[in-house]
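> Take a look at the following structure, please.
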Amino acid sequence: MPDPNYSWPPLGKSRVMRKRMSRLDGPEKASGKAKYGYDIQTPDLLFGALLTSPHAHARVRSIDTSAAEKMTGVMAVEVVSPAGTEIQWAGTEVAAVAATSETIAADAVRAINVDYEVLPHLVNEEDLSKTGSRSKPAGEILTGDPDQAFKEADTVSEGHYGCPVLTHCTMESHGQVVAWKGDKVEYWPSTQNLSGIGGDLARALEVPAANIHAHQDHMGGGFGSKFASDRWGIICAKLSKKAGGRAVKLFLDRRADLEMAGNRPSIFAKVKMAAKKDGTITAWQSESWGTRGVSGGGVSPTQLPYVYVQIPNKRVNHTGVVTNNGGARAWRAPNHPQASFVTCCAMEDLAAALKMDPLEVFKKNAGYTARADVYRAQLDKAAELAEWKKLWHPRDQAGSGPMRRGLGIGVGTWGGLGHPSDCRTRIHPDGSVDIELGSQDLGTGTRTIIAMVAAESLGLTVPQINVKVGDSSYPPSGASGGSTTVGGVSVSTRKATLNALAKIYEAVAPALGAPADQLEAVDGKIQVKGNPAKSMTWKAACQKIGVKPIEAMGTNNPKQPMGLISQGVGGVQIADVSVDIETGVVKLNRLVAVQDCGLIINPKTAESQVYGACIMSICGALFEERLMCEKTGRFVNADMEFYKLAGIADIGEIVVHLDINEEHDKRGVIGLGEPPVVPGMGAIANAVANAVGVRVSRIPLTPDRVLEALARRTA
């Protein structure tokens, strides 16, 4: 076994690595064979349902569940918010039932009688003057002397920008199936944290973590919102226990899911920037505010100005607004898209005030970022792919006719260091290989990546690798968040397979007449290094290990990456839009994404990550918005009809360019889930400003907002 200081061979570019491989679970999903948490069926399955508060802020005076408890088919009732509980947002869980059918469960929920004392609420934060004591200033961050810099500036630009609260809107809602078996709990959650969620539930139930067995083959989207067992998971487990251990399925309906299962915080900002006539930025000043719901907060003031952190003179103030809404959760690059949107829009407006090409302004000020050369090269590549020289024009030269075309830029960054991960490799005497990790595949291709890394390490083909994930009985692996999964599992898999291979070498070295450290695994054979004539097949080599399989472990410790992984990437996107100035409708023609990353294991799934991120940005820029009724405090479009997402006809062309080169390869594996979701909203908003000649300051860029901006320009 190599010692801890061993220099692990980095992943290379063999016949397995960097091949465009389809997901191993693709046929299973396409055929409908894949089983998600919602698909779990057990004998005598019960159906859970929640009673949620219709009020944004209220106190429970009394709750009467007797009518529900007497109903035929109702097996358990759980009071979640007893008398005296103060409700903080509409959609909060008040009570729950488990019944023999969904219909009976729904009827039972309606039979529960709750008396509320309705209290004052605040659900909209955009107008800061109306938030009163709910506003919580974070304190000023001051660098240099911005006041003097503004006095000395050749050009000063001011703007107002806003992103509303968006919800995760996962296709598979949040939920689980839970069954008590004596003192053990079988748990089928929809989760991004398979190894950790059982311990989370165990703490809430006050049972040993070892008593919770969590398993999940597939899940239908989380985007950062599915880590904990949550109150509905705890409720489901309690209902199961009350029902004598019968399995209970409790998945949130669409309204409840959008109301309480997570969202992305809003940001509204007034920004003032100063620059020299050559485009060099000299000062930034911003006053921003937003909400995370009942916890206030929002984007951290340290995230503005985004990426361009070394601007010498800065004044940043942020105010968190406490509202009676469901709380925020991590969502694919938490707070980065909002900060990028504000910063990139302000920079594009500064370029317009300078009467300069924004491409040159972004490039000139790249020196204020941590990765200047990377951004400059990416800006040039994105401009080439987007035909910037041909299609970009100054704002005052938008052309004539009702259809106007424009281009805009956005930039992004992210970390992506691999999480802690343990992996077990088991090689059997018949040559079969099992790779076991308590990880999860969210649909991003994690199984495929693990198989590719194992195949390269062992000199085999991907079909020869049997990947086992999605069960808490396997060695623990970190939660899939922060773009950490690919780095974590690739390292632990690499180490486990090489450790197992070392044992194979020891077993076959005598037969090949060479020391174990002079052997290699290539093309399904074990051979003396560089000498295919002195070799044996993989199967023959495995027959020499005896009757018991070889087992070996591998661990990723992010604090000791050993050259296999790293973190920190940059990306640039350029949007190309057409806007009908008579109707205000925005059409996305093309979104170009140039993304730097470390060593790419599978270009096909890597590109797919970027495509999905771009689609998410398009939804946020053009369609998505949580709409709250000021009078009732309710989320009025909490459904799939009126919470708008982009359809296939709204997407346009997406061009992905992975910034692959030797320097990036040497950095090792870096996660790619988050970074490409960051620049898109700013790029699209800037493209619309370029097309119509005026800033539409608030997303989504709906027709009414476009027409309002055009009316202001005309006035």
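> Which value in deg cm²/dmol, rounded to the nearest 500, describes the helix-derived mean residue ellipticity at 222 nm for the chain, given -39,500 (n - 2.57) per DSSP H run of n ≥ 4 and division by the residue count?
When only DSSP H runs of four or more count, the value is -8500 deg cm²/dmol.
> Pull up the DSSP beta bridges for the range 428-531 and report the antiparallel fraction as a percent, rounded to 5.
If we restrict to bridges inside the range 428-531, about 50 percent are antiparallel.
> Then there is this: Could you give the length gained by full extension between residue 29 and residue 587, i.e. 0.36 nm per residue of separation minus their alpha carbon distance, to one decimal place?
Values: separation 558, 0.36 × 558 = 200.88 nm, distance 3.15 nm.
Stretched fully, the residue 29-residue 587 segment lengthens by 197.7 nm.
> How far apart, in nanometres, would the label points at residue 502 and residue 86 be if each is projected 7 angstrom from Cα along the Cα-to-Cβ direction?
5.9 nm
> If R0 is 35 Å, what FRET efficiency do you get for residue 537 and residue 39 from their C-beta distance, rounded to 0.05?
Here the calculated transfer efficiency is 0.30.
> Describe numerically, in nm with one decimal, the distance between label points set 7 Å from Cα along Cα→Cβ at residue 147 and at residue 611.
5.5 nm
> Now a separate question. Which of the peptides 488-497, 314-323 is most tightly packed, and how do the rest follow, judged by the mean count of other Cβ atoms within 10 Å per residue?
The packing order, highest mean first, is 488-497, 314-323.
> Let me ask something additional. Can you tell me how much longer the chain between residue 523 and residue 211 gets when fully stretched, taken as 0.36 nm per residue apart minus their C-alpha distance, in nm with one decimal?
108.0 nm
> Once you have the alpha carbon radius of gyration of the range 253-321, what is it after dividing by 2.2 N^0.38 Å, with N set to its residue count?
Dividing the Cα radius of gyration by 2.2 N^0.38 Å gives 1.46.
> Now for a separate question. Take 574, 660, 104, 87 and order them by how many other Cβ atoms sit within 10 Å, fewest up front. Display every interim value, and only then the final one.
Details: 574 31, 660 17, 104 21, 87 26.
Placing the least packed residue first, the sequence is 660, 104, 87, 574.
> Over the range 455-543, what relative contact order in percent results from Cα pairs under 8 Å that are six or more residues apart?
RCO, the range 455-543: 27 percent.
> Continuing with the same structure: Using the Cα centre of the chain as origin and beta-carbon charges of +1 (Lys, Arg) and -1 (Asp, Glu), tell me which of 129, 509, 585 is placed farthest towards the positive end of the dipole.
Value computed over the given set: 509.
> In percent, what relative contact order does the chain have, based on Cα pairs under 8 Å that are 6 or more apart in sequence?
Relative contact order for the chain comes out at 16 percent.
> Which residue, 693, 668, 682, has the largest displacement toward the positive end of the dipole of the range 666-715 when charges sit on each Cβ (Lys, Arg +1; Asp, Glu -1)?
The Cα lying farthest towards the positive end belongs to 668.
> Also: Exposure proxy check: 506, 607, 456 ranked by fewest other beta carbons within 10 Å?
506, 607, 456
> Under 18 Å between C-alpha atoms is the cut-off here; go through the range 258-405 and count lysine pairs that meet it, provided they're at least eight residues apart or on different chains.
20
> Highest mean first, how do 520-533, 151-164, 181-194 rank when packing is the count of other Cβ atoms within 10 Å averaged over residues? Write down the numbers at each step before the final one.
Working: 520-533: 15.1, 151-164: 18.4, 181-194: 21.1.
Per-residue Cβ counts within 10 Å, averaged per peptide and sorted highest first, yield 181-194, 151-164, 520-533.
> Here is a further query. Please label the shape of the range 1-149 as rounded, prolate or oblate, based on the square roots a ≥ b ≥ c of the eigenvalues of the alpha-carbon gyration tensor (a/c under 1.5 means rounded; beyond that, a/b larger than b/c means prolate, else oblate).
Note, shape of the range 1-149 comes out oblate.
> Could you let me know the centre-to-centre spacing of the range 604-637 and the range 298-331, using Cα atoms, in angstrom?
Between the Cα centre of the range 604-637 and that of the range 298-331, the gap is 19 Å.
> Take the Cβ-Cβ distance between residue 430 and residue 650 as r, set R0 to 45 Å, and report the resulting FRET efficiency rounded to the nearest 0.05. Don't skip to the end; give the middle numbers.
Numbers: r = 52 Å, r/R0 = 1.15.
Calculated transfer efficiency: 0.30.
> Using the basic label-point model (7 angstrom from Cα toward the beta carbon), what is the residue 276 to residue 712 distance in nanometres?
3.2 nm
> Given the chain, report the % of alpha carbon pairs whose separation exceeds 40 Å. Write out the running numbers ahead of the final one.
Working: 100250 of 255255 pairs.
The proportion of pairs with Cα distances above 40 Å equals 39 percent.
> Name the residues of the range 651-690 whose amide N is less than 15 Å from a point 7 angstrom out from the Cα of residue 387 along the C-beta direction?
Flagged as within label range: 653-655.
> Please state the shape class of the range 323-412: rounded when a/c is under 1.5, otherwise prolate if a/b exceeds b/c and oblate if not, all from the C-alpha gyration tensor.
Because a/c hits 1.5 or more and a/b fails to exceed b/c, the range 323-412 counts as oblate.
> Next question, about the same structure. Please name which of 236, 285, 262 has its Cα lying farthest along the dipole of the range 231-289 towards the positive end, using unit charges on Cβ (Lys, Arg +1; Asp, Glu -1) and the Cα centre as origin.
236
> FRET efficiency for residue 636 and residue 371, Cβ-Cβ distance as r, R0 = 41 Å, nearest 0.05?
0.45
> At a 10 angstrom cut-off on C-beta neighbours, averaged per residue, how do the peptides 205-212, 417-424, 628-635, 348-355 rank from highest to lowest?
The peptides rank, most packed first, as 417-424, 348-355, 628-635, 205-212.
> Averaging sequence separations of C-alpha pairs under 8 Å and six or more residues apart, then dividing by the length of the range 183-297, give the relative contact order as a whole percent.
18 percent
> On to the next question. Whole Å is fine, so just give me how far the alpha carbon centre of the range 369-417 lies from that of the range 268-297.
The distance from the Cα centre of the range 369-417 to that of the range 268-297 comes to 21 Å.
> For a footprinting-style exposure proxy, rank 536, 21 by other Cβ within 10 Å, fewest first.
Ranking 536, 21 by Cβ neighbours within 10 Å, fewest first, gives 536, 21.
> Further question on the same structure: I'd like to know how the range 216-341 sits against the 2.2 N^0.38 Å rule of thumb: what's its Cα Rg over that expected value? The partial results should precede the final answer.
On the way: Rg = 20.5 Å, N = 126, 2.2 N^0.38 = 13.8 Å.
That ratio works out to 1.48.
> Compute, for the chain, the length of the dipole vector about the Cα centre, with Cβ point charges of +1 (Lys, Arg) and -1 (Asp, Glu) only. Units Debye, rounded to 20. Kindly include the intermediate steps, with their values, before the conclusion.
Values: 78 positive and 75 negative charges, 183 e Å.
In debye, rounded to 20, the chain gives about 880.
> Have a look at the range 558-713 and give its Rg and Dmax from the Cα atoms, expressed in angstrom.
Gyration radius and largest Cα-Cα distance of the range 558-713: 18.6, 58 Å.
> Under a Cβ-only charge scheme (Lys and Arg +1, Asp and Glu -1), can you give me the dipole magnitude of the range 503-601 about the Cα centre, in debye to the nearest 20?
660 debye
Taken together, the values in this text are just the output of simple stated rules run on the coordinates, not laboratory data. This one's a predicted model, so the numbers in the text were calculated from it and none came from an experiment. Neighbour counts are summed over all protein chains in view; Cβ atoms, including those assigned to glycine, are modelled from backbone coordinates with ideal geometry.
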